[in-house]
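Data block below; observations after.
The values are calculated or read from the model by the stated rules, or taken from the named source; none is laboratory data. Values in this document were obtained by computation on a predicted structure and should not be read as measured data. Cβ sites come from the backbone with ideal geometry, for glycine too, and all protein chains shown count toward neighbours. Each accessible area value is taken on the protein alone, full model and side chains, heavy atoms only, with ligands, DNA and RNA left out. Shrake-Rupley method; radii C 1.70, N 1.55, O 1.52, S 1.80 Å.
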Amino acid sequence: MKFIDLPAQQKIIKEKIEKRIKDVLDHGQYIMGPEVFELEEKLKSYVDVKHCISCSSGTDGLIIPLMAKGIGHGDAVITTSFSYIATAEVIALLGATPIFCDIYSKTFNLDPNGLEEAYDKAILEGLKPKAIISVDLFGLPARYRLIDEFAKSKNLFLLEDAAQGFGGEIKNQKACTFGDVSSTSFFPAKPLGGYGDGGAIFTNNDELAEKMRSIRVHGGGKDKYDNIRLGLNGRLDTFQAAILIEKLAIFESELIMRNKIAKIYSRNLSSNFIKPYIPNKYFSSWAQYSLLIKNKKERDKIISLLKKNGIPSMIYYKIPLHLQKVFKYLGYKTGDLPKSENISNRILSLPMHPYLKRSDQDFIIDTLRLLSHD
Ligand SMILES: Cc1ncc(COP(=O)(O)O)c(C=O)c1O
(Lines give C-alpha, C1' and ligand atoms only; values in the text may rest on other atoms or scores of the structure.)
Protein backbone atom coordinates (compact mmCIF):
# COMPACT_ATOMS: atom_id res chain seq x y z
CA MET A 1 0.00 0.00 0.00
CA LYS A 2 1.26 3.50 -0.84
CA PHE A 3 0.94 6.67 1.22
CA ILE A 4 0.30 8.59 -2.01
CA ASP A 5 -0.22 6.54 -5.17
CA LEU A 6 1.10 8.57 -8.10
CA PRO A 7 1.45 5.57 -10.47
CA ALA A 8 -2.32 4.91 -10.14
CA GLN A 9 -3.02 8.47 -11.25
CA GLN A 10 -0.45 8.28 -14.03
CA LYS A 11 -2.16 5.25 -15.55
CA ILE A 12 -5.29 7.34 -16.16
CA ILE A 13 -3.57 10.23 -17.95
CA LYS A 14 -0.48 8.48 -19.34
CA GLU A 15 -1.34 8.89 -23.04
CA LYS A 16 -2.22 12.56 -22.63
CA ILE A 17 0.97 13.24 -20.68
CA GLU A 18 3.11 11.44 -23.23
CA LYS A 19 1.53 13.52 -25.99
CA ARG A 20 2.21 16.71 -24.01
CA ILE A 21 5.84 15.71 -23.42
CA LYS A 22 6.25 14.90 -27.12
CA ASP A 23 4.85 18.33 -28.03
CA VAL A 24 7.51 20.00 -25.88
CA LEU A 25 10.25 17.83 -27.42
CA ASP A 26 8.95 18.82 -30.87
CA HIS A 27 8.84 22.58 -30.32
CA GLY A 28 11.95 22.60 -28.12
CA GLN A 29 11.06 25.68 -26.05
CA TYR A 30 12.24 24.15 -22.79
CA ILE A 31 12.41 27.50 -20.98
CA MET A 32 9.18 29.53 -20.77
CA GLY A 33 7.58 27.55 -23.57
CA PRO A 34 3.91 27.99 -24.57
CA GLU A 35 2.74 25.40 -22.00
CA VAL A 36 3.92 27.68 -19.17
CA PHE A 37 1.57 30.43 -20.34
CA GLU A 38 -1.24 27.98 -21.11
CA LEU A 39 -1.00 26.61 -17.57
CA GLU A 40 -0.93 30.12 -16.05
CA GLU A 41 -4.13 31.01 -17.94
CA LYS A 42 -5.85 27.82 -16.79
CA LEU A 43 -4.76 28.23 -13.15
CA LYS A 44 -5.85 31.85 -13.17
CA SER A 45 -9.34 31.01 -14.30
CA TYR A 46 -9.60 27.97 -11.98
CA VAL A 47 -8.73 30.06 -8.94
CA ASP A 48 -10.48 33.18 -10.31
CA VAL A 49 -7.75 35.77 -9.84
CA LYS A 50 -6.20 38.40 -12.11
CA HIS A 51 -2.59 37.22 -12.24
CA CYS A 52 -0.90 33.83 -12.06
CA ILE A 53 2.88 33.72 -12.09
CA SER A 54 4.21 30.19 -12.28
CA CYS A 55 7.53 29.55 -10.58
CA SER A 56 10.10 26.88 -9.81
CA SER A 57 8.78 25.70 -6.41
CA GLY A 58 6.43 26.48 -3.56
CA THR A 59 9.43 27.88 -1.69
CA ASP A 60 10.17 30.36 -4.48
CA GLY A 61 6.45 31.08 -4.51
CA LEU A 62 6.90 32.43 -0.98
CA ILE A 63 10.24 34.20 -1.30
CA ILE A 64 9.36 36.04 -4.52
CA PRO A 65 6.38 37.96 -2.98
CA LEU A 66 8.45 38.83 0.12
CA MET A 67 11.24 40.13 -2.16
CA ALA A 68 8.69 42.14 -4.14
CA LYS A 69 7.58 43.77 -0.88
CA GLY A 70 11.21 44.59 -0.03
CA ILE A 71 11.12 42.63 3.23
CA GLY A 72 14.53 42.26 4.87
CA HIS A 73 16.71 43.17 7.86
CA GLY A 74 14.85 44.78 10.74
CA ASP A 75 11.48 43.48 9.54
CA ALA A 76 9.31 40.92 11.30
CA VAL A 77 7.03 38.45 9.57
CA ILE A 78 4.40 36.68 11.69
CA THR A 79 3.65 33.08 10.86
CA THR A 80 2.40 29.77 12.24
CA SER A 81 4.72 27.49 14.15
CA PHE A 82 3.07 24.37 12.77
CA SER A 83 4.15 24.11 9.15
CA TYR A 84 6.84 22.89 6.79
CA ILE A 85 10.21 24.57 7.20
CA ALA A 86 9.89 26.53 3.91
CA THR A 87 7.17 28.77 5.40
CA ALA A 88 9.60 30.32 7.88
CA GLU A 89 12.87 29.68 6.06
CA VAL A 90 12.04 32.25 3.37
CA ILE A 91 11.62 34.95 6.03
CA ALA A 92 15.03 34.28 7.57
CA LEU A 93 16.72 33.89 4.17
CA LEU A 94 15.84 37.53 3.46
CA GLY A 95 17.33 38.63 6.80
CA ALA A 96 13.92 39.29 8.36
CA THR A 97 12.79 37.75 11.66
CA PRO A 98 10.05 35.11 11.89
CA ILE A 99 7.67 35.63 14.82
CA PHE A 100 5.76 32.43 15.53
CA CYS A 101 2.12 32.21 16.43
CA ASP A 102 0.31 29.26 17.99
CA ILE A 103 -2.46 27.32 16.26
CA TYR A 104 -6.03 26.14 16.77
CA SER A 105 -5.91 22.60 18.18
CA LYS A 106 -8.87 21.61 16.00
CA THR A 107 -7.75 22.81 12.57
CA PHE A 108 -3.97 23.02 13.14
CA ASN A 109 -4.04 26.40 11.37
CA LEU A 110 -2.80 29.73 12.69
CA ASP A 111 -4.96 31.05 15.53
CA PRO A 112 -5.77 34.71 14.77
CA ASN A 113 -6.10 35.31 18.54
CA GLY A 114 -2.31 35.06 18.78
CA LEU A 115 -1.60 37.74 16.17
CA GLU A 116 -1.77 40.73 18.52
CA GLU A 117 0.75 39.15 20.91
CA ALA A 118 3.08 38.28 18.03
CA TYR A 119 2.80 41.84 16.73
CA ASP A 120 3.64 43.27 20.16
CA LYS A 121 6.59 40.87 20.50
CA ALA A 122 8.00 42.19 17.22
CA ILE A 123 7.66 45.80 18.38
CA LEU A 124 9.24 44.96 21.74
CA GLU A 125 12.21 43.46 19.94
CA GLY A 126 12.64 46.66 17.95
CA LEU A 127 11.46 45.09 14.70
CA LYS A 128 9.05 46.44 12.12
CA PRO A 129 6.13 44.04 11.62
CA LYS A 130 5.57 43.92 7.87
CA ALA A 131 3.70 40.77 6.94
CA ILE A 132 1.79 37.66 7.93
CA ILE A 133 2.30 34.29 6.26
CA SER A 134 -0.73 32.09 6.94
CA VAL A 135 -0.73 28.44 5.93
CA ASP A 136 -3.61 26.32 4.58
CA LEU A 137 -2.38 23.20 6.33
CA PHE A 138 -3.29 19.73 5.06
CA GLY A 139 -5.61 21.32 2.45
CA LEU A 140 -7.80 23.37 4.80
CA PRO A 141 -7.81 27.17 4.38
CA ALA A 142 -6.87 29.19 7.46
CA ARG A 143 -9.40 31.51 9.16
CA TYR A 144 -9.05 34.35 6.68
CA ARG A 145 -11.88 36.63 7.79
CA LEU A 146 -10.08 37.26 11.09
CA ILE A 147 -6.52 37.07 9.77
CA ASP A 148 -7.31 39.55 7.01
CA GLU A 149 -9.09 41.87 9.44
CA PHE A 150 -5.99 41.94 11.67
CA ALA A 151 -3.61 42.38 8.72
CA LYS A 152 -5.62 45.35 7.44
CA SER A 153 -5.84 46.94 10.90
CA LYS A 154 -2.03 46.92 11.20
CA ASN A 155 -1.25 47.52 7.53
CA LEU A 156 0.47 44.14 7.20
CA PHE A 157 1.00 42.35 3.90
CA LEU A 158 -0.87 39.01 3.89
CA LEU A 159 0.81 36.11 2.10
CA GLU A 160 -1.25 32.92 1.86
CA ASP A 161 0.94 29.82 1.82
CA ALA A 162 -1.40 27.46 -0.01
CA ALA A 163 1.36 24.98 -0.87
CA GLN A 164 -0.89 22.26 0.54
CA GLY A 165 -4.12 24.14 0.06
CA PHE A 166 -4.78 24.31 -3.70
CA GLY A 167 -8.41 23.30 -4.24
CA GLY A 168 -9.59 24.28 -0.75
CA GLU A 169 -12.45 26.77 -0.34
CA ILE A 170 -14.25 29.02 2.11
CA LYS A 171 -17.86 29.82 1.13
CA ASN A 172 -17.11 28.78 -2.46
CA GLN A 173 -14.10 31.11 -2.67
CA LYS A 174 -11.03 29.20 -3.75
CA ALA A 175 -7.75 28.98 -1.84
CA CYS A 176 -4.98 31.03 -3.49
CA THR A 177 -7.26 34.10 -3.38
CA PHE A 178 -7.17 34.85 0.35
CA GLY A 179 -3.87 36.73 0.57
CA ASP A 180 -2.74 40.01 -0.96
CA VAL A 181 -0.56 37.43 -2.68
CA SER A 182 -1.02 33.65 -2.47
CA SER A 183 1.16 30.81 -3.60
CA THR A 184 1.05 27.08 -4.06
CA SER A 185 3.43 24.18 -4.66
CA PHE A 186 3.39 21.52 -7.36
CA PHE A 187 5.70 19.16 -5.45
CA PRO A 188 4.55 15.67 -6.58
CA ALA A 189 2.81 14.82 -3.28
CA LYS A 190 0.70 17.99 -3.21
CA PRO A 191 -3.01 17.97 -4.19
CA LEU A 192 -2.01 19.32 -7.61
CA GLY A 193 1.45 17.82 -8.00
CA GLY A 194 3.73 17.63 -11.02
CA TYR A 195 6.53 15.21 -11.79
CA GLY A 196 9.17 17.44 -10.21
CA ASP A 197 9.38 20.81 -8.51
CA GLY A 198 7.10 23.69 -9.35
CA GLY A 199 4.86 26.36 -7.91
CA ALA A 200 2.59 29.29 -8.71
CA ILE A 201 1.87 32.74 -7.30
CA PHE A 202 -1.52 34.47 -7.50
CA THR A 203 -2.56 38.09 -6.99
CA ASN A 204 -5.03 40.74 -8.10
CA ASN A 205 -2.40 43.46 -7.62
CA ASP A 206 -1.01 44.63 -11.02
CA GLU A 207 2.05 46.38 -9.62
CA LEU A 208 3.12 43.44 -7.45
CA ALA A 209 2.46 41.02 -10.32
CA GLU A 210 4.83 42.94 -12.58
CA LYS A 211 7.53 43.04 -9.89
CA MET A 212 7.16 39.33 -9.16
CA ARG A 213 7.41 38.45 -12.88
CA SER A 214 10.63 40.45 -12.97
CA ILE A 215 12.03 38.79 -9.81
CA ARG A 216 11.18 35.35 -11.22
CA VAL A 217 13.77 35.95 -13.96
CA HIS A 218 16.75 37.71 -12.34
CA GLY A 219 15.01 41.04 -11.82
CA GLY A 220 14.71 41.73 -15.53
CA GLY A 221 13.44 45.06 -16.85
CA LYS A 222 12.73 45.84 -20.51
CA ASP A 223 14.62 42.77 -21.68
CA LYS A 224 16.79 39.91 -20.47
CA TYR A 225 19.95 41.99 -20.14
CA ASP A 226 18.37 45.01 -18.49
CA ASN A 227 18.42 44.14 -14.78
CA ILE A 228 16.60 46.55 -12.53
CA ARG A 229 16.42 44.62 -9.23
CA LEU A 230 17.75 41.47 -7.60
CA GLY A 231 15.92 38.35 -8.64
CA LEU A 232 16.17 34.60 -9.01
CA ASN A 233 16.13 31.88 -11.57
CA GLY A 234 12.62 31.04 -10.45
CA ARG A 235 10.92 29.83 -13.64
CA LEU A 236 8.64 26.82 -13.95
CA ASP A 237 10.03 24.24 -16.35
CA THR A 238 8.09 23.82 -19.63
CA PHE A 239 7.91 20.02 -19.16
CA GLN A 240 6.37 20.45 -15.71
CA ALA A 241 3.84 22.95 -17.07
CA ALA A 242 2.88 20.49 -19.83
CA ILE A 243 2.32 17.73 -17.28
CA LEU A 244 0.41 20.01 -14.89
CA ILE A 245 -2.05 21.04 -17.64
CA GLU A 246 -3.21 17.41 -17.86
CA LYS A 247 -3.22 17.01 -14.06
CA LEU A 248 -5.32 20.15 -13.68
CA ALA A 249 -7.84 18.72 -16.17
CA ILE A 250 -8.67 15.86 -13.75
CA PHE A 251 -8.17 17.87 -10.55
CA GLU A 252 -11.87 18.55 -9.83
CA SER A 253 -12.79 14.88 -10.11
CA GLU A 254 -9.84 14.00 -7.85
CA LEU A 255 -11.02 16.52 -5.28
CA ILE A 256 -14.40 14.78 -5.14
CA MET A 257 -12.65 11.42 -4.70
CA ARG A 258 -10.40 12.78 -1.92
CA ASN A 259 -13.43 14.14 -0.09
CA LYS A 260 -15.22 10.81 -0.40
CA ILE A 261 -12.22 9.01 1.07
CA ALA A 262 -11.97 11.52 3.93
CA LYS A 263 -15.67 10.97 4.70
CA ILE A 264 -15.21 7.19 4.84
CA TYR A 265 -12.29 7.60 7.26
CA SER A 266 -14.17 10.05 9.46
CA ARG A 267 -17.32 7.91 9.61
CA ASN A 268 -15.61 4.61 10.28
CA LEU A 269 -12.42 5.19 12.23
CA SER A 270 -12.52 4.42 15.92
CA SER A 271 -13.94 7.21 18.05
CA ASN A 272 -10.82 6.91 20.21
CA PHE A 273 -9.04 9.11 17.67
CA ILE A 274 -9.71 12.79 17.15
CA LYS A 275 -10.56 13.16 13.48
CA PRO A 276 -10.00 16.21 11.26
CA TYR A 277 -12.36 19.12 11.84
CA ILE A 278 -13.69 21.02 8.83
CA PRO A 279 -15.51 24.21 9.88
CA ASN A 280 -18.90 25.02 8.39
CA LYS A 281 -18.65 26.36 4.79
CA TYR A 282 -14.99 25.31 4.57
CA PHE A 283 -13.84 22.77 1.98
CA SER A 284 -10.56 20.86 2.23
CA SER A 285 -8.48 19.52 -0.63
CA TRP A 286 -7.19 16.85 1.79
CA ALA A 287 -3.48 17.14 1.17
CA GLN A 288 -3.33 14.98 4.31
CA TYR A 289 -5.82 13.10 6.46
CA SER A 290 -4.45 13.52 9.98
CA LEU A 291 -5.59 12.01 13.27
CA LEU A 292 -4.80 13.07 16.79
CA ILE A 293 -3.67 10.26 19.09
CA LYS A 294 -3.78 10.38 22.92
CA ASN A 295 -0.03 10.87 23.35
CA LYS A 296 3.38 10.24 21.83
CA LYS A 297 3.77 6.76 23.34
CA GLU A 298 0.40 5.65 22.00
CA ARG A 299 1.30 7.12 18.60
CA ASP A 300 4.52 5.10 18.49
CA LYS A 301 2.51 1.96 19.18
CA ILE A 302 0.06 2.76 16.40
CA ILE A 303 2.80 3.54 13.90
CA SER A 304 4.48 0.20 14.55
CA LEU A 305 1.17 -1.69 14.32
CA LEU A 306 0.42 -0.01 11.00
CA LYS A 307 3.94 -0.74 9.76
CA LYS A 308 3.67 -4.40 10.77
CA ASN A 309 0.55 -4.58 8.61
CA GLY A 310 2.18 -2.88 5.62
CA ILE A 311 0.35 0.43 6.12
CA PRO A 312 2.47 3.56 5.70
CA SER A 313 1.85 6.58 7.92
CA MET A 314 3.64 9.90 8.35
CA ILE A 315 4.13 12.54 11.04
CA TYR A 316 3.63 16.10 9.84
CA TYR A 317 5.29 17.73 11.82
CA LYS A 318 7.42 16.15 14.55
CA ILE A 319 9.04 19.42 15.63
CA PRO A 320 7.20 22.75 15.50
CA LEU A 321 9.11 25.50 13.72
CA HIS A 322 9.87 27.57 16.85
CA LEU A 323 11.80 24.59 18.32
CA GLN A 324 13.75 23.71 15.16
CA LYS A 325 17.53 23.86 15.60
CA VAL A 326 17.89 26.32 12.74
CA PHE A 327 15.75 28.86 14.67
CA LYS A 328 17.49 28.39 18.01
CA TYR A 329 18.92 31.90 17.67
CA LEU A 330 15.40 33.30 17.99
CA GLY A 331 15.31 32.19 21.64
CA TYR A 332 12.07 30.19 21.73
CA LYS A 333 11.82 27.40 24.29
CA THR A 334 9.56 24.43 25.01
CA GLY A 335 6.26 25.65 26.41
CA ASP A 336 6.20 28.91 24.41
CA LEU A 337 3.60 27.67 21.90
CA PRO A 338 1.88 24.85 23.77
CA LYS A 339 -0.74 23.91 21.18
CA SER A 340 1.78 23.48 18.35
CA GLU A 341 3.96 21.42 20.69
CA ASN A 342 1.09 19.24 21.87
CA ILE A 343 -0.15 18.58 18.33
CA SER A 344 3.39 17.72 17.14
CA ASN A 345 3.47 14.92 19.69
CA ARG A 346 0.07 13.51 18.75
CA ILE A 347 -0.51 13.97 15.03
CA LEU A 348 -0.45 11.10 12.55
CA SER A 349 -1.31 11.16 8.85
CA LEU A 350 -2.85 8.15 7.11
CA PRO A 351 -2.65 7.18 3.42
CA MET A 352 -4.66 9.72 1.42
CA HIS A 353 -4.94 10.00 -2.35
CA PRO A 354 -7.82 9.88 -4.83
CA TYR A 355 -7.11 6.28 -5.87
CA LEU A 356 -7.09 4.67 -2.42
CA LYS A 357 -9.09 1.44 -2.83
CA ARG A 358 -12.06 0.86 -0.53
CA SER A 359 -10.64 -2.53 0.46
CA ASP A 360 -7.32 -0.91 1.46
CA GLN A 361 -9.13 1.79 3.38
CA ASP A 362 -11.25 -0.79 5.22
CA PHE A 363 -8.06 -2.65 6.11
CA ILE A 364 -6.54 0.56 7.55
CA ILE A 365 -9.73 1.24 9.54
CA ASP A 366 -9.91 -2.35 10.88
CA THR A 367 -6.22 -2.40 11.78
CA LEU A 368 -6.61 0.81 13.77
CA ARG A 369 -9.63 -0.63 15.59
CA LEU A 370 -7.45 -3.48 16.83
CA LEU A 371 -5.41 -1.08 18.88
CA SER A 372 -8.16 1.18 20.06
CA HIS A 373 -10.19 -1.71 21.52
CA ASP A 374 -13.68 -0.57 20.65
C1 LIG B 1 3.22 24.61 3.88
C2 LIG B 1 4.29 24.52 2.85
N3 LIG B 1 4.90 25.65 2.44
C4 LIG B 1 5.85 25.64 1.50
C5 LIG B 1 6.26 24.47 0.89
C6 LIG B 1 7.36 24.49 -0.11
O7 LIG B 1 7.01 23.98 -1.35
P8 LIG B 1 8.12 23.34 -2.30
O9 LIG B 1 8.51 22.03 -1.74
O10 LIG B 1 7.41 23.22 -3.62
O11 LIG B 1 9.25 24.30 -2.37
C12 LIG B 1 5.65 23.26 1.27
C13 LIG B 1 6.04 22.01 0.63
O14 LIG B 1 6.26 20.98 1.16
C15 LIG B 1 4.65 23.29 2.28
O16 LIG B 1 4.05 22.16 2.69
Rg/Rh (Cα only; Kirkwood hydrodynamic radius) as it applies to segment 35-167
0.97
Over segment 15-113, what is the mean sequence separation of C-alpha contacts under 8 Å (at least six apart), divided by residue count, expressed as relative contact order in percent?
19
Simple Cβ-charge dipole of segment 53-153, Lys/Arg +1 and Asp/Glu -1, about Cα centre, in debye nearest 20:
180
Report, to the nearest whole %, how much of the accessible area of segment 15-103 belongs to carbon and sulfur atoms, 1.4 Å probe, protein only.
55
Sequence neighbours fewer than 8 away in the same chain don't count; with that in mind, list the lysines whose C-alpha is under 17 Å from Lys301.
Lys318
Explain nothing, just the number: relative contact order of segment 230-325, from Cα pairs under 8 Å at least 6 residues apart, as a whole percent.
18
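In whole angstrom, how long is each semi-axis of the equivalent ellipsoid of segment 163-244, when you take the square root of 5 times every eigenvalue of its Cα gyration tensor and sort them from largest down?
Over the Cα atoms of segment 163-244, the semi-axes work out to 25, 18, 8 Å.
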Which whole-number value in Å³ per residue fits the convex hull of the alpha carbons of the chain?
133
Given the options Tyr119, Ser153, Leu356, identify the residue whose Cα lies farthest towards the positive end of the charge dipole of the chain (+1 on Cβ of Lys, Arg; -1 on Cβ of Asp, Glu).
Leu356
Mean shadow area of segment 253-374, taken as a quarter of the surface of its Cα convex hull (nm²):
9.0
Can you tell me which of Ala189, Ala163, Ala249 moves the most in a GNM of the chain? Springs connect C-alpha atoms under 10 Å apart.
Ala249
Please report, to two decimal places, log10 I(q)/I(0) for segment 241-300 at q = 0.21, 0.28 Å⁻¹ as given by the Debye formula with identical point scatterers on the Cα atoms and no solvent.
-0.89, -1.20
Over all distinct Cα pairs, what is the inverse of the mean 1/r for segment 203-310, reported as the Kirkwood hydrodynamic radius in Å?
18.7
Pairs beyond 22 Å (Cα-Cα), from Lys260/Lys297; Lys50/Lys128; Lys42/Lys106; Lys222/Lys247; Lys106/Lys263; Lys50/Lys263:
Lys260/Lys297; Lys50/Lys128; Lys42/Lys106; Lys222/Lys247; Lys50/Lys263
Taking only protein heavy atoms and a 1.4 Å probe, what accessible area per residue, in Å², does segment 219-374 have with all protein chains in place?
52
Find how many whole Å separate the alpha carbon centroid of segment 215-292 from the alpha carbon centroid of segment 6-20.
19
The chain: relative contact order as a whole-number percent, Cα under 8 Å and 6+ apart:
21
Among DSSP bridges having both ends in the chain, what percentage is antiparallel? Round to the nearest 5.
55
Heads up, segment 74-137 by the C-alpha gyration tensor (a ≥ b ≥ c square roots of eigenvalues; a/c under 1.5 rounded, else a/b over b/c prolate, else oblate) looks oblate
Cα centroid separation - segment 72-114 against segment 330-360, whole Å
17
